[in-house]
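S.K.: Below you'll find the structure I mean.
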Amino acid sequence: MELTQQTLSAKAEELIAKENKYGAHNYHPLPVVLERGAGVHVWDVDGKKYYDFLSAYSAVNQGHCHPKIVNAMIKQAQTLTLTSRAFYNNQLGNYEEFLTKYFDFDKVLPMNTGAEAVETALKLCRKWAYEVKGISENQAQIIVCENNFHGRTTTIISFSNDEGARKSFGPFTAGFIKIPYDDIEALENVLKSSNNIAGFLVEPIQGEAGVYVPTDGYLAKAKALCEAHNVLFIADEVQTGIARTGKLLATCGNCSCTKGCENKPEVKPDILILGKAISGGVYPVSAVLANDNILNLIKPGQHGSTFGGNPIAAAVAVAALEVVRDENLAQNAAHLGIIFRKGLNEIATRNSLITLVRGKGLLNAIVINCAEDSVLAWDICLKFRDNGLLAKPTHGNKIRLAPPLVITEAQIMECLAIIEQSLNEFI
């Protein structure tokens, strides 16, 4: 940390000190203080320019401060911001129609954050289990995967493996069964073992675990097993959705459309959870989509949110999804992802610090040749920062690399050079 402090200006140090003094220490940010962003770049308080290779955990897929999205927010904010759901507003119905047609579902339940959307999906799954499947009240179980990340509410950390997120926050919520990720046999065994299984909640790619991409066919086989056992397949696409993996949704198989699922998807979730880039990162928006047989179970007063479905959120999300479609961001992510992974693998042949490259589209990670409790990956990210690229470690020795989807091939090549230069400084 001594080196870190020496690289910071007095202005940056002052702003970091304020956060440390007056804010809760629930994050461990990379020591850089940002004040402006545009497209794939951000600038710190001293005017230094960086490539953003985190994209606010894939929330700014459309690039920082996309003018169409920002203008939609400004226009709506000057007209009507919030009514609560006690009244109708002139934006929500249009948004709901747009979203359901875009993703091919009957209905949507609008929320604000990814964790709220996951909680909503869990409630929907349980309600369906009791009122449709016929499971006895309070007996429904939901299957989840080890090393998952779905948020940090009390219920969600109840089925997390992350002891840092769990310790001293119990007692925890019951009703979940954990199985290994990417293990069809484990899923099948649990489904066969009980008639009280209501759903299977899964990330199509485990992002926080270090961009763990499952084997080909895993999602399709999992969905088929769920159908065979009358269990809901719930896809958490908060991070993998909205073109990040080279498809509109990571569950879309080989489809790379950006006008909704025009081609038959590999997996059609029973419940789809969206967030982050559904707003382009300019406003908290999340959504839970399902067909009428599930969402019609929710009655007035049984679930809600004061801000969920507010006029600004509705206007912003429509603009954000139009950008994804009109700028062909899924195709760009698919094409550049191949180039980027090839470049990373070539670097790995010249530098033994990279032991593995994995990812899909522009959601990628490198595994660093060190123990998970080593600080090496953190130090490498500090060097990336010094050389003009921002990224963060996850799970100790893995570095997630996820730029905004508006990045160009020339910029990808420039960033590969920064990555290699930085790694070479540790040899």
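The values are calculated or read from the model by the stated rules, or taken from the named source; none is laboratory data. Nothing here was measured: the structure is a model prediction, and the numbers come from that model. Cβ placement follows ideal geometry from the backbone for every residue including glycine, while neighbour counts extend to all protein chains displayed.
S.K.: Under 9 Å between Cβ atoms, at least 6 apart or on separate chains: pull out the pairs that start in region 44-68 with a residue that is outside any loop (DSSP other than H, G, I, E, B) and end on any residue that is at pLDDT below 95 and crowded, with 16+ Cβ neighbours inside 10 Å.
M.R.: Going by the 9 Å Cβ cut-off, the qualifying pairs are Tyr57/Gly207; Tyr57/Glu208; Ser58/Gly207.
S.K.: Then there's this: Is it fair to say Ala86 is within 22 Å of the chain's Cα centre (by Cα) and farther than 25 Å from Val406 by Cα?
M.R.: Considered against the rule, which asks whether it is within 22 Å of the chain's Cα centre (by Cα) and farther than 25 Å from Val406 by Cα, Ala86 comes out as no.
S.K.: State which residue pairs qualify: first residue without any contact (Cβ under 8 Å) to a residue 12 or more places away in the chain and part of a loop (DSSP other than H, G, I, E, B) and inside region 84-100, second residue small (Gly, Ala, Ser) and buried (at least 18 other Cβ atoms within 10 Å of the Cβ) in any location, beta carbons under 9 Å apart, and separation of 6 or more residues or different chains.
M.R.: Short answer, once both residue conditions are applied: none.
S.K.: Determine which member of the set Thr251, Thr173 is buried (at least 24 other Cβ atoms within 10 Å of the Cβ) and among the polar types (S, T, N, Q).
M.R.: Residue meeting the stated conditions: Thr251.
S.K.: Next question, about the same structure. Suppose the filter is modelled with pLDDT of 95 or more and not assigned by TED's automatic domain parsing to the domain that holds Lys392; does Asn230 pass it?
M.R.: yes
S.K.: Shifting gears a bit: Can you tell me which residue is surrounded by the most Cβ atoms within 10 Å (Cβ to Cβ) among those in region 312-361 that are touching a residue at least 24 places away in the same chain (Cβ under 8 Å) and β-branched (Val, Ile, Thr)?
M.R.: Only one residue tops the list, namely Val316.
S.K.: Of all residues in region 199-241, which are without any contact (Cβ under 8 Å) to a residue 40 or more places away in the chain, assigned to a loop (DSSP other than H, G, I, E, B) and more than 27 Å from Met111 (Cα to Cα)?
M.R.: Answer for region 199-241, where residues must be without any contact (Cβ under 8 Å) to a residue 40 or more places away in the chain, assigned to a loop (DSSP other than H, G, I, E, B) and more than 27 Å from Met111 (Cα to Cα): Pro214, Thr215, Asp216, Gly217, His229.
S.K.: Let me ask something else about it. Restricting to region 364-391, name every residue that is among the β-branched types (Val, Ile, Thr) and crowded, with 18+ Cβ neighbours inside 10 Å.
M.R.: Across region 364-391, the qualifying residues are Ile366, Val367, Ile368, Ile380.
S.K.: Whether any residue in region 197-204 is acidic (Asp, Glu), out of contact with any Ser or Thr (no Cβ under 7 Å at 6 or more places or on another chain) and closer than 30 Å to Ile407 by Cβ is what I want to check.
M.R.: no
S.K.: Does Thr173 satisfy the condition of being assigned by TED's automatic domain parsing to the domain that holds Ala121, of a type in the set (Val, Ile, Thr) and under 20 Å from Phe233 (Cα atoms)?
M.R.: no
S.K.: Name the helices (runs of 4 or more DSSP H) wholly inside region 317-427 in which the number of residues that are at pLDDT 95 or above and of a type in the set (Val, Ile, Thr) is 2 or more.
M.R.: Answer list for region 317-427: 329-350, 409-424.
S.K.: Working carefully through the options Glu185, Glu203, find the one that is acidic (Asp, Glu), under 24 Å from Ile294 (Cα atoms) and at pLDDT 95 or above.
M.R.: None of the others qualify; the one that does is Glu203.
S.K.: Here is a check on your reading of the model: is Thr215 within 20 Å of Arg126 (Cα to Cα) and among the hydroxyl-bearing types (Ser, Thr, Tyr)?
M.R.: no
S.K.: Can we say Gly114 is surrounded by fewer than 14 Cβ atoms within 10 Å (Cβ to Cβ) and not polar (S, T, N, Q)?
M.R.: No, not satisfied.
S.K.: While we're on this one: Here are some residues: Ile197, Ile234, Ile205, Ile156. Which one is crowded, with 16+ Cβ neighbours inside 10 Å, out of contact with any helix residue (DSSP H, G or I) (no Cβ under 7 Å at 6 or more places or on another chain) and β-branched (Val, Ile, Thr)?
M.R.: Result of the check over Ile197, Ile234, Ile205, Ile156: Ile205.
S.K.: Out of (1) in contact (Cβ under 8 Å) with a residue 40 or more places away in the chain; (2) under 22 Å from Ser58 (Cα atoms); (3) assigned to a loop (DSSP other than H, G, I, E, B), the odd one out for Ile135 is which?
M.R.: (2)
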